[in-house]
Amino acid sequence: MIFDQTLFLFVIEVLGTIAFAISGIRLAAAKSFDWFGAYVVGLVTAIGGGTLRDLLLGVPPFWMLSWMYIAVTFLSLVTVIVFRKALVKGMRTLFIFDAIGLALFVVVGIEKSLAAGYPYWVSITMGIITGSFGGVIRDILINVEPLFFRKDIYATACLAGGIIYWLIAGIFGLSAIWAQLACAVAVVGLRVAAVHFGWSLPILKVDPKDLPE
C-alpha cells in the first residue's frame, strides 16, 4: 500500500480544524455568544493560523480549496450544542482540544512549508504560526489576553515540536511519519507537563518607577 502524503496531511488538517473549532466554540459558549457568534469564533480559530501561513507562502488559503473546513466547523458547533454540558463545563475540555489542534497544525505547517521548498527554520516558524495564530484571533474576539502572549508554555511547545521534527527528519534522516508523530507528541506532552507541573516562562517585569511619565 502506497502512503499518500497529500491525503494524510488533509486528514490531519481536518482533525486539527475540528479540535480547534471545538476549542473556540466552547470558549465562545462560556462567554454566552449566540450560535452564529460561536461559529465565527470557532471558524477563525480553526483557519486563522493556516490562512496567515498560506498568505506568507504565496499560495491560496487552504480553506478556499475545499468546503470541508466550513462544514466540519459547523459540525463542531452542533457537537458543542448537543454535548454542551460535557464540553462547556470546566477548562480541561478546552485545554484538551486546544492542545490536540495545536499539535496537528504545527505538523501541517511544517509539512506544507517543506513541500513548498523552504528550509527547516522557515518551516518551523510556519508551524508555530499555523498552530498559534488562530488562538490569538480567538482570544482577541472574545476580549481576553491572548494565550500566546502569556507566560504559559504555548508557542514554546510549538518550537520544541518543530525542533524535534528537524532533528528526526533533517538531521537523522528518518521517515517523515516518525518526525510528524514525534513532533505532535512533543507539543501535546509539553503542554500537558507545563500545566501539570506549573511550568512557565519568566515574566518580563518593569518597575513602574522606570516608565516615562
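I want to confirm something. Restricting to the stretch 19-66 and keeping residues that are among the hydroxyl-bearing types (Ser, Thr, Tyr) and part of a helix (DSSP H, G or I), which single residue is nearest to LEU77 (Cα to Cα)?
Top of the filtered list is TYR39.
Only residues in the stretch 23-48 that are at negative phi and charged (D, E, K, R) count as the first member; pair them with residues that are surrounded by fewer than 18 Cβ atoms within 10 Å (Cβ to Cβ) and not in a helix (DSSP H, G or I), Cβ under 6 angstrom, at least 6 apart or cross-chain, and list the lot.
LYS31/ILE142
Given the residues LEU104, LEU52, which is the only one that is surrounded by fewer than 23 Cβ atoms within 10 Å (Cβ to Cβ), touching a residue at least 60 places away in the same chain (Cβ under 8 Å) and either within 18 Å of CYS158 (Cβ to Cβ) or among the aliphatic types (A, V, I, L, M) (or both)?
Being surrounded by fewer than 23 Cβ atoms within 10 Å (Cβ to Cβ), touching a residue at least 60 places away in the same chain (Cβ under 8 Å) and either within 18 Å of CYS158 (Cβ to Cβ) or among the aliphatic types (A, V, I, L, M) (or both) holds for just one of LEU104, LEU52, which is LEU52.
Let me confirm something: among PHE62, PHE74, which residue is of a type in the set (Phe, Trp, Tyr) and in contact with a Lys or Arg (Cβ under 9 Å, 6 or more places away or on another chain)?
Going through PHE62, PHE74 in turn, the sole match is PHE62.
No value in this document is a laboratory result; all are computed from the given coordinates. Computed from a predicted structure; not experimentally measured. We place every Cβ from the backbone using ideal geometry, glycine too, and count neighbours over all the protein chains shown.
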